[in-house]
Ligand code: DQA
């Protein structure tokens, strides 16, 4: 069974209460429930973590191969635009990664238009709310089977 690691970056624990005009009312628990349900339907094992700490995210990506993760689904949140460390971890880990965003980062402030992660990800889904995660999961499962 393909094993997918879902990583939610900083402040995504606040979804549902945070900038509702941008991110909507959906909570992280609702997103995680939808991912688990979709994983079950697709015969994939879904492991989920959220962290507000860059180093913790770097650590978990670095251990992905050893932990038999076949693909990573990541919303790096604000670290998308700042973290060379997460970018390098993805490039180094030997596990394919799919980048997702709830909002359309290209339709927002200019500083969000640059993703340091995109060049090392297999692809990116941005702007579809919960559906970004579900589409990203579908892609991650395909990559995991390769
Ligand atoms: C985000 C977009 C980022 O620019 C922002 O910092 C986030 C969430 C999204 O899912 O739309 O925290 O990754």
- Message: residue 1 - would you say it is modelled with pLDDT under 95 and away from the ligand (no atom under 14 Å from the Cβ)?
- Response: yes
- Message: Which of the numbered conditions does residue 132 fail, given that it passes all the others? Conditions: (1) more than 24 Å from residue 89 (Cβ to Cβ); (2) part of a helix (DSSP H, G or I).
- Response: (1)
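Outside any helix (DSSP H, G or I), more than 16 Å from the ligand (Cβ to nearest atom), in contact with a strand residue (DSSP E or B) (Cβ under 8 Å, 6 or more places away or on another chain) and on the phi < 0 side of the Ramachandran plot: is that true of residue 47 in this structure? Steps first, please.
Details: outside any helix (DSSP H, G or I): yes; more than 16 Å from the ligand (Cβ to nearest atom): yes; in contact with a strand residue (DSSP E or B) (Cβ under 8 Å, 6 or more places away or on another chain): yes; on the phi < 0 side of the Ramachandran plot: yes.
Yes: the conditions hold for residue 47.
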- Collect the residues in segment 88-97 that are part of a loop (DSSP other than H, G, I, E, B) and in contact with a strand residue (DSSP E or B) (Cβ under 9 Å, 6 or more places away or on another chain), keeping them in residue-number order. 95, 96
- When (1) under 15 Å from the mean Cα position of the chain (by Cα); (2) in a helix (DSSP H, G or I); (3) surrounded by 13 or more Cβ atoms within 10 Å (Cβ to Cβ); (4) more than 14 Å from the ligand (Cβ to nearest atom) are applied to residue 31, the one that fails is (4)
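Take the residues in segment 76-87 that are outside any loop (DSSP other than H, G, I, E, B) and touching a helix residue (DSSP H, G or I) at 6+ places or on another chain (Cβ under 8 Å); name whichever of them is nearest to the ligand (Cβ to nearest atom).
77
Restricting to segment 9-27, name every residue that is under 22 Å from residue 59 (Cβ atoms) and either modelled with pLDDT under 95 or more than 11 Å from the ligand (Cβ to nearest atom) (or both).
Result: no residue meets the conditions.
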- Message: Tell me yes or no: at least one residue of segment 98-121 is part of a strand (DSSP E or B), in contact with a strand residue (DSSP E or B) (Cβ under 7 Å, 6 or more places away or on another chain), within 16 Å of the ligand (Cβ to nearest atom) and in contact (Cβ under 8 Å) with a residue 40 or more places away in the chain.
- Response: yes
- Out of (1) within 13 Å of the chain's Cα centre (by Cα); (2) part of a helix (DSSP H, G or I); (3) under 23 Å from residue 53 (Cβ atoms), the one residue 73 does not meet is (2)
- Message: For segment 125-138: of the residues being free of Cβ contacts under 8 Å to residues at least 60 places away in the same chain and crowded, with 19+ Cβ neighbours inside 10 Å, which is nearest to residue 31 (Cα to Cα)?
- Response: 132
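The values are calculated or read from the model by the stated rules, or taken from the named source; none is laboratory data. It should be emphasised that the depicted structure is a prediction, and the values quoted were computed from it without experimental measurement. Counting neighbours? That spans all protein chains shown, and the Cβs are built from the backbone with ideal geometry, glycine included.
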